[in-house]
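Novice: Sharing a structure with you now.
The values are calculated or read from the model by the stated rules, or taken from the named source; none is laboratory data. Computed from a predicted model, the values in this text were never measured in an experiment. We place every Cβ from the backbone using ideal geometry, glycine too, and count neighbours over all the protein chains shown.
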Amino acid sequence: MKKVFVMLMVAVLCCSTAFAQGGQEKKTMTLKLGHIRDTEHPTHKGAELFAKLVEERTDGRIKVNVYANSQLGGIQEMFTQIKSGDLDMVYGGINTLAFISGGEALEITAIPFLYRNYDHMRTCLLSDEFASALAGAEKATGLKILNITGDTAPRGLTANKKITVPGDFKGLKIRTAASDTVVRTMQKLGALPQQIALADLWMALKTNVVDAQENGAITVMNNSFFEVQSYYMQTDYIRDIECFYISPVLYNKLSDADQATIYEASEEAGKLVTELTHQQLDTVYDTLGEHMTVVTEPELRLDLFRQELDGLFNDWDGVRWPKGMLEIFKNM
């Protein structure tokens, strides 16, 4: 009888140990998050805060490793990695979802001069009116949007010649984002748009592969584009918001509590990105002015650019995004 009791106790202990080990395996998770920004950019600071908060608030059960500066490839490559299961998350612009098949509705995020400021843009994209289009894009692309949060510097223009009116774009070889909206805009202005990875852009400008590029002032500063460009035109023509993308397979595996935790962490990260972006924008144009000529209104004729581009995307209304959405956003 004693022998049977001992055997039963051993069996119970073995089962308990196996259960504990199995539970521990289920609880521990390490996620990979990639982005294209350099390590001094507000986006990277936000990604680091996100990782810190997630680990703290899950008592170390969920860890997030952050890969900056296109270490895992460009934005489209990272989207592909999410869908293949090789990457868990990306922190990048909402504009970029329109770069891949199924994300066409998000072209509306890159319409020139459409959004007044960050709050206006975020309100539009998180509105009930746009919810179905956003959900459709998620389903079609296979990418889950965890949160749209984190202001970015509005896009300007750098070049080795002063550009003040639409005609100055004629024949300009310009590096643009891989956005149909941006490409169409530049073609309308007479420029010759080309796609080059951000990590390769400094050398492309140095060697005159392209003459110009369109990015925000913080990106221009952090990537030292002022070393290879003479003028910064403060057009502020396109706004963007950083966005946490996540594998829908991974997201659906998380408990409700963990889903809430990573959302709350993303919200705090976005607030930090917005705060740091605004702090940098308070001084960045003065700093750029020490290295290059900063061109602003009234010398920069933004009124003429608005006139030239007016109505350029009306044929996409009701085709790429819900009909009437441009007017809804304008009046929101």
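Novice: Are any residues in segment 62-92 aliphatic (A, V, I, L, M) and part of a loop (DSSP other than H, G, I, E, B), and if so, which ones?
Specialist: ALA68, LEU72, LEU87
Novice: Going by the structure shown, is PHE169 crowded, with 20+ Cβ neighbours inside 10 Å and free of Cβ contacts under 8 Å to residues at least 24 places away in the same chain?
Specialist: Details: crowded, with 20+ Cβ neighbours inside 10 Å: yes; free of Cβ contacts under 8 Å to residues at least 24 places away in the same chain: yes.
So PHE169 passes the test.
Novice: Then there's this: Looking only at segment 289-318, filter to residues that are part of a strand (DSSP E or B) and not hydrophobic (A, V, I, L, M, F, W, C); which one of those is farthest from the chain's Cα centre (by Cα)? Walk me through it before giving the result.
Specialist: Residues of segment 289-318 that are part of a strand (DSSP E or B), as a first pass: 293-295, 317.
Filter again for not hydrophobic (A, V, I, L, M, F, W, C), leaving 293, 317.
Working: THR293: 28, ASP317: 23 Å.
Once the filter is applied, the top-ranked residue is THR293.
Novice: Restricting to segment 93-121, count the residues that are part of a helix (DSSP H, G or I) and out of contact with any helix residue (DSSP H, G or I) (no Cβ under 9 Å at 6 or more places or on another chain).
Specialist: Just the residues of segment 93-121 that are part of a helix (DSSP H, G or I), to begin with: 94-99, 104-110, 118-121.
Pick out the ones that are also out of contact with any helix residue (DSSP H, G or I) (no Cβ under 9 Å at 6 or more places or on another chain) and you get 119.
Result for segment 93-121: 1.
Novice: Contact list please: Cβ distance under 9 Å, first residue in segment 72-86 and in the same structural domain as THR43 (by TED's automatic domain parsing) and of a type in the set (Ser, Thr, Tyr), second residue at pLDDT 95 or above and surrounded by 16 or more Cβ atoms within 10 Å (Cβ to Cβ), pairs at least six apart or on different chains.
Specialist: As it stands, the answer is THR80/LEU87, since those pairs meet every condition given.
Novice: Does ALA197 fit the bill of being among the small types (Gly, Ala, Ser) and more than 23 Å from PHE113 (Cβ to Cβ)?
Specialist: Details: among the small types (Gly, Ala, Ser): yes; more than 23 Å from PHE113 (Cβ to Cβ): yes.
It is true that ALA197 is among the small types (Gly, Ala, Ser) and more than 23 Å from PHE113 (Cβ to Cβ).
Novice: Given the criterion hydroxyl-bearing (Ser, Thr, Tyr) and under 15 Å from the mean Cα position of the chain (by Cα), identify the matching residue among THR43, THR30, THR123, THR58.
Specialist: THR43
Novice: Tell me yes or no: at least one residue of segment 147-166 is more than 22 Å from ASN222 (Cβ to Cβ), in the same structural domain as TYR251 (by TED's automatic domain parsing) and at pLDDT 95 or above.
Specialist: There is at least one residue in segment 147-166 that is more than 22 Å from ASN222 (Cβ to Cβ), in the same structural domain as TYR251 (by TED's automatic domain parsing) and at pLDDT 95 or above.
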